[in-house]
Amino acid sequence: DAPYETLLVETRGAVGLITLNRPKALNALNARLIEELALAFEAFEADDAVGAVVVTGSEKAFAAGADIKEMAEKTYAEAFLEDFGAGWRRITSCRKPSIAAVAGYALGGGCELAMMCDVIFAADTAKFGQPEITLAIIPGFGGTQRLTRAVGKAKAMDLILTGRMMDATEAERAGLVARVVAPERLVDEAVEAAAKIASFSRVAVLAAKEAVNVAQEASLAEGVRFERRAFQALFATDDQTEGMAAFVEKRKPAFKNR
Ligand code: CO8
């Protein structure tokens, strides 16, 4: 197993659980953590026993952003040549569903990491924000795009141009957060939801995620056509036969992911 310095990585049944673990820096995302996060996602993606992934932080911070101390000295040429920020593609290309379980600060790159996951659950202590403007930069891990798609232009402009934070209630109302839960229930609730997802036919789960993501990119007509083809294709799976037979026979389905 990979020796992780900045993460705690475990499985709970069919759920892969990643806990960001740089408590002294409020889980600031340095190069090491980003590399380890990509490795952990890739390991869960390759592990047939894992059906969904949960990413969480601490009670105080999901992640307070990219590591400012590490970024401070960077020049434009360095940022450009290393394609700073592109490493996140290794996380967003994961086909298994992921849930971000957010307590405390999710700022800058931390908010962007939460938005790279497919679903966000928030403790009522969560605070979301894109404060990059206060550092004379802008979001660089997808924040201007994903936040705008999640909450609309008005609120995205407000948050990104003023750098203010939004609490869990506002984030849920705005459509960024799927569920707000008590802090002590946060990780369990996310792991339970991930376990439920992992219990379904993986073929159908991956198809559902892919189809929802098409809605972010395509026109309605194209998206609906993509959905219809993916829907039709699922009738070629054993799991569809099993799922419908189990319903008719009033028993639990036994999916085989084929
Ligand atoms: N980077 C590095 N260290 C950090 C960060 C960070 N983002 N956030 C907190 N820390 C460190 C602090 O420096 C402090 O360390 P030390 O004890 O050694 O001084 C420790 O964590 C605790 O922090 P505070 O003492 O500040 O804790 P408070 O409870 O007083 O405040 C806050 C908490 C409000 C969260 C405060 O820490 C803060 O404002 N943090 C910075 C938030 C921020 O600006 N985040 C955005 C960063 S920029 C970014 O994410 C860009 C992403 C896109 C990059 C594009 C690349 C392509």
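The values are calculated or read from the model by the stated rules, or taken from the named source; none is laboratory data. Just so it is clear, the structure is predicted and the values come from calculations on it, not from any experiment. Cβ sites come from the backbone with ideal geometry, for glycine too, and all protein chains shown count toward neighbours. These area figures cover heavy atoms from the full protein model, side chains too; ligands, DNA and RNA do not enter into them. Shrake-Rupley method; radii C 1.70, N 1.55, O 1.52, S 1.80 Å.
Observations on the model:
- All of 254, 245, 233 fail the test of being aliphatic (A, V, I, L, M) and either surrounded by 13 or more Cβ atoms within 10 Å (Cβ to Cβ) or not in a helix (DSSP H, G or I) (or both), apart from 254.
- Considering region 9-34, the residues that are charged (D, E, K, R) and either part of a helix (DSSP H, G or I) or in contact with a Pro (Cβ under 6 Å, 6 or more places away or on another chain) (or both) include one that is most open to solvent (accessible area, probe 1.4 Å), namely 24.
- Verdict on residue 79 being near the ligand (Cβ under 8 Å from one of its atoms) and either within 29 Å of residue 43 (Cα to Cα) or in a loop (DSSP other than H, G, I, E, B) (or both): yes
- Among residues of region 174-184, those that are over 23 Å from residue 217 (Cα atoms) and either within 12 Å of the ligand (Cβ to nearest atom) or loosely packed, with under 14 Cβ neighbours inside 10 Å (or both), counted: 2
- Considering region 96-116, and only residues there that are closer than 30 Å to residue 76 by Cβ and more than 9 Å from the ligand (Cβ to nearest atom), the residue that is surrounded by the most Cβ atoms within 10 Å (Cβ to Cβ) turns out to be 106.
Rundown of residues vs (1) free of Cβ contacts under 8 Å to residues at least 24 places away in the same chain; (2) away from the ligand (no atom under 16 Å from the Cβ); (3) not small (Gly, Ala, Ser), yes/no style:
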| position | (1), (2), (3) |
| --- | --- |
| 147 | no, no, yes |
| 152 | yes, yes, no |
| 186 | no, yes, yes |
| 199 | no, yes, no |
| 208 | yes, yes, no |
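- Check on residue 93, more than 14 Å from the ligand (Cβ to nearest atom) and under 23 Å from residue 176 (Cβ atoms): yes
- Test: residue in region 108-115 that is farther than 15 Å from residue 20 by Cβ, touching a residue at least 12 places away in the same chain (Cβ under 8 Å) and charged (D, E, K, R): no
- Of residues in region 117-134 being more than 12 Å from the ligand (Cβ to nearest atom) and acidic (Asp, Glu), the one least open to solvent (accessible area, probe 1.4 Å): 118
- Matching option when the condition is within 16 Å of the ligand (Cβ to nearest atom), within 17 Å of residue 63 (Cβ to Cβ) and either among the acidic types (Asp, Glu) or surrounded by fewer than 23 Cβ atoms within 10 Å (Cβ to Cβ) (or both), among 137, 160: 137
- Test: residue in region 186-195 that is closer than 15 Å to residue 115 by Cβ and open to solvent by less than 40 Å² (accessible area, probe 1.4 Å): no
- Only one of 84, 80, 62 that is farther than 19 Å from residue 206 by Cβ, surrounded by fewer than 19 Cβ atoms within 10 Å (Cβ to Cβ), touching a residue at least 24 places away in the same chain (Cβ under 8 Å) and among the aromatic types (Phe, Trp, Tyr): 84
For (1) under 30 Å from residue 194 (Cα atoms); (2) within 11 Å of the ligand (Cβ to nearest atom), each residue gets a yes or a no:
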residue	(1), (2)
51	yes, no
60	yes, yes
71	no, yes
75	no, no
83	no, yes
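- Close pairs (7 angstrom Cβ cut-off, 6 or more residues apart or separate chains): farther than 23 Å from residue 257 by Cβ in region 211-239, modelled with pLDDT of 95 or more and of a type in the set (A, V, I, L, M) anywhere: 223/214; 223/215
- Members of region 109-139 found to be part of a loop (DSSP other than H, G, I, E, B) and touching an Asp or Glu at 6+ places or on another chain (Cβ under 9 Å), listed by number: 124, 125, 126, 130, 138, 139
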